[in-house]
Amino acid sequence: MMEPKDFLHHTGEWLKGAGPHAHIVLSSRVRLARNLTGFPFTNRAQKQDLEAILDLMKQVLPGIDLFKGSTLFRLQDLDTIDRQFLVERHLMSHEHAANPQGKGLVVSPEEALSVMINEEDHLRIQVMQSGFNLDGTWQAIDAIDNALAAKLPYAFVPEWGYLTACPTNTGTAMRGSVMLHLPALVMTKQMDKILSAIAKLSFAARGFYGEGTQATGNFYQISNQVSLGHSELDIIQNINGLIRQIIEQEEQARQALLVQNRSALEDKICRAMGILENARIISSQETIDLLSMVRLGVDVGILSGMDYRVINQLFIMIQPAHLQRISGKKLTAMERDTKRAQVIRDLLRSSRET
């Protein structure tokens with residue numbers, strides 16, 4: 001059985017910097033909400049109900065090939081740092097980690113698949129892949145959902161679809177999302193207009209950690225807001241169309257920056273790299289902003305000899321729980337800022353040497 005720390009030096013599937021349009025699209029994700037008949041929704045469930053669902057999943061998963069090698073964590077058996085560690089790896093939500101009683105998390109070895117047990121719904125199934133590949137992500141999660149449906153009594157009625165704790169998720173109960181890196185649109189001050197258009201089209205734009213978070217490091221997670229009345233394929237098609245437009249606008253903005261003010265862009269990018277390679281104390285917010293510039297520098301050819309995978313991995317490795325797991329102990333805020341600078345220097349140096 002794996003432990004959370006076993007993922008520490010492992011690059012998750014969605015961080016590999018591969019797949020279509022990986023220079024702009026960090027990852028594609030599809031999430032399904034499912035509930036089981038015979039049990040109250042989690043906000044009405046008693047402790048014994050939640051434990052029964054956990055036990056049921058423990059019995060069912062070993063018989064499904066798609067979950068081979070996966071680990072089921074009982075959150076109450078994990079300490080606060082381990083739970084935060086799993087949140088930082090985008091395997092579960094902050095809300096799921098906050099109150100661990102009666103909750104579980106299933107994680108596949110490559111971190112492409114995770115299932116939150118007893119979050120807002122009995123099951124929150126998600127698949128993440130690197131790059132712009134919502135179609136492939138949907139196909140993968142559809143197969144997983146079918147395998148689970150053959151073993152579990154899903155709460156479903158033909159006229160409404162899948163029943164969920166929040167009415168806005170009823171229907172397909174599907175949320176498709178794409179994580180985009182959009183520094184040029186931010187630098188050319190076009191993001192406000194784009195975000196306004198996204199909202200009018202009934203899409204949501206969130207930050208690096210999804211719902212309830214603000215954009216940081218020029219990362220935006222774009223997802224559908226409505227599932228009722230739309231088929232899964234309709235939702236995927238609509239998101240794909242929107243994302244293609246945003247990718248095109250970001251590429252145009254990058255070209256404009258290179259043509260109109262290349263020297264200023266080079267200076268900003270090279271200064272960011274210089275700070276990251278030499279800083280001895282650095283905050284997470286400053287790091288994310290600087291890494292955003294370095295990633296842009298690699299994308300447009302200003303920086304060479306850098307691996308996407310290392311840059312993407314750094315966005316996760318510099319988070320508080322990761323730093324404490326690397327250190328093997330709890331750290332104060334100042335100790336984390338010092339450790340963060342060291343981790344950045346070491347990873348950047350090793351990436352240059354390989």
State which residue is nearest to the chain's Cα centre (by Cα) when the search covers only the stretch 264-319 and only residues that are of a type in the set (K, R) and part of a helix (DSSP H, G or I). R309
Pick from the stretch 12-56 the residues that are among the β-branched types (V, I, T) and surrounded by 17 or more Cβ atoms within 10 Å (Cβ to Cβ): which of them is farthest from Q255 (Cα to Cα)? I53
Unmet criterion (only one of (1) under 20 Å from Y220 (Cα atoms); (2) surrounded by fewer than 17 Cβ atoms within 10 Å (Cβ to Cβ); (3) hydrophobic (A, V, I, L, M, F, W, C)) for M317: (2)
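Being within 18 Å of T137 (Cβ to Cβ), of a type in the set (S, T, Y) and touching a Gly at 6+ places or on another chain (Cβ under 8 Å) is the requirement here; does S227 meet it?
yes
Residue-by-condition table, conditions (1) touching a residue at least 24 places away in the same chain (Cβ under 8 Å); (2) in contact with a Gly (Cβ under 9 Å, 6 or more places away or on another chain); (3) farther than 24 Å from F156 by Cα:
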{"residue": "L26", "(1), (2), (3)": "yes, yes, yes"}
{"residue": "L36", "(1), (2), (3)": "yes, no, no"}
{"residue": "E51", "(1), (2), (3)": "yes, yes, no"}
{"residue": "L54", "(1), (2), (3)": "yes, yes, no"}
{"residue": "I64", "(1), (2), (3)": "yes, no, no"}
{"residue": "L72", "(1), (2), (3)": "yes, yes, yes"}
{"residue": "L86", "(1), (2), (3)": "yes, no, yes"}
{"residue": "N99", "(1), (2), (3)": "no, no, yes"}
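Does the stretch 342-349 include one or more residues that are acidic (D, E), out of contact with any Pro (no Cβ under 8 Å at 6 or more places or on another chain), part of a helix (DSSP H, G or I) and in contact (Cβ under 8 Å) with a residue 40 or more places away in the chain? Lay out the reasoning, then the answer.
Of the residues in the stretch 342-349, the ones acidic (D, E) are 346.
From what's left, out of contact with any Pro (no Cβ under 8 Å at 6 or more places or on another chain): 346.
Narrowing further to those that are part of a helix (DSSP H, G or I): 346.
Still in the running and in contact (Cβ under 8 Å) with a residue 40 or more places away in the chain: none.
No, that holds for no residue.
Go through the stretch 221-243 and count every residue that is in a strand (DSSP E or B) and of a type in the set (D, E, K, R).
Taking the stretch 221-243 first, the residues in a strand (DSSP E or B) are 221-224.
Then keep just the ones that are of a type in the set (D, E, K, R); that gives none.
Of the residues in the stretch 221-243, 0 are in a strand (DSSP E or B) and of a type in the set (D, E, K, R).
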When you check A147 against the structure, is it in contact with an Asp or Glu (Cβ under 8 Å, 6 or more places away or on another chain), crowded, with 16+ Cβ neighbours inside 10 Å, closer than 29 Å to E3 by Cα and not aromatic (F, W, Y), yes or no? yes
Does the stretch 246-259 contain any residue that is basic (K, R) and in contact (Cβ under 8 Å) with a residue 12 or more places away in the chain? yes
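Okay, residues lined up against (1) of a type in the set (A, V, I, L, M); (2) at pLDDT below 95:
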site: G274; (1), (2): no, no
site: I282; (1), (2): yes, no
site: L296; (1), (2): yes, no
site: G301; (1), (2): no, yes
site: S304; (1), (2): no, yes
site: Q324; (1), (2): no, no
site: S327; (1), (2): no, no
site: R345; (1), (2): no, no
site: E353; (1), (2): no, yes
Mind checking which pairs have a first residue in the stretch 177-195 that is closer than 25 Å to D234 by Cβ and in contact (Cβ under 8 Å) with a residue 40 or more places away in the chain and a second that is crowded, with 23+ Cβ neighbours inside 10 Å and of a type in the set (G, A, S), Cβ under 6 Å, 6 or more apart or different chains? V178/S28; M179/S27
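Looking only at the stretch 163-178, count how many residues are surrounded by 22 or more Cβ atoms within 10 Å (Cβ to Cβ) and either part of a loop (DSSP other than H, G, I, E, B) or of a type outside the set (A, V, I, L, M, F, W, C) (or both).
Taking the stretch 163-178 first, the residues surrounded by 22 or more Cβ atoms within 10 Å (Cβ to Cβ) are 164, 169, 172-178.
Going one step further and asking which of them are either part of a loop (DSSP other than H, G, I, E, B) or of a type outside the set (A, V, I, L, M, F, W, C) (or both), we end up with 164, 169, 172-173, 175-177.
So the count comes out to 7.
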Of all residues in the stretch 320-340 being polar (S, T, N, Q) and either farther than 19 Å from F7 by Cβ or touching a Phe, Trp or Tyr at 6+ places or on another chain (Cβ under 6 Å) (or both), the one that is surrounded by the most Cβ atoms within 10 Å (Cβ to Cβ): T338
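Residue by residue through the stretch 1-29, note down the ones that are of a type in the set (S, T, N, Q) and part of a helix (DSSP H, G or I). Before the answer, list the steps.
Keep residues of the stretch 1-29 that are of a type in the set (S, T, N, Q), which gives 11, 27-28.
Across the stretch 1-29, there are no qualifying residues.
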Could you tell me whether the stretch 261-273 includes any residue that is farther than 28 Å from R340 by Cβ and either of a type in the set (S, T, N, Q) or crowded, with 20+ Cβ neighbours inside 10 Å (or both)? yes
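Out of all the residues in the stretch 100-122, which are more than 17 Å from the chain's Cα centre (by Cα) and crowded, with 21+ Cβ neighbours inside 10 Å? Show your work before the answer.
Narrowing the stretch 100-122 to residues more than 17 Å from the chain's Cα centre (by Cα): 100-104, 117-118, 120-122.
The answer is G102, K103, G104, I117, N118, D121, H122.
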For the subset of the stretch 57-82 comprising residues that are outside any strand (DSSP E or B) and of a type in the set (A, V, I, L, M), which member is farthest from F315 (Cα to Cα)? V60
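The values are calculated or read from the model by the stated rules, or taken from the named source; none is laboratory data. Worth saying up front: this structure is predicted, and the values here are computed from it rather than measured. Cβ atoms come from the backbone with ideal geometry, glycine included; neighbour counts cover every protein chain shown.
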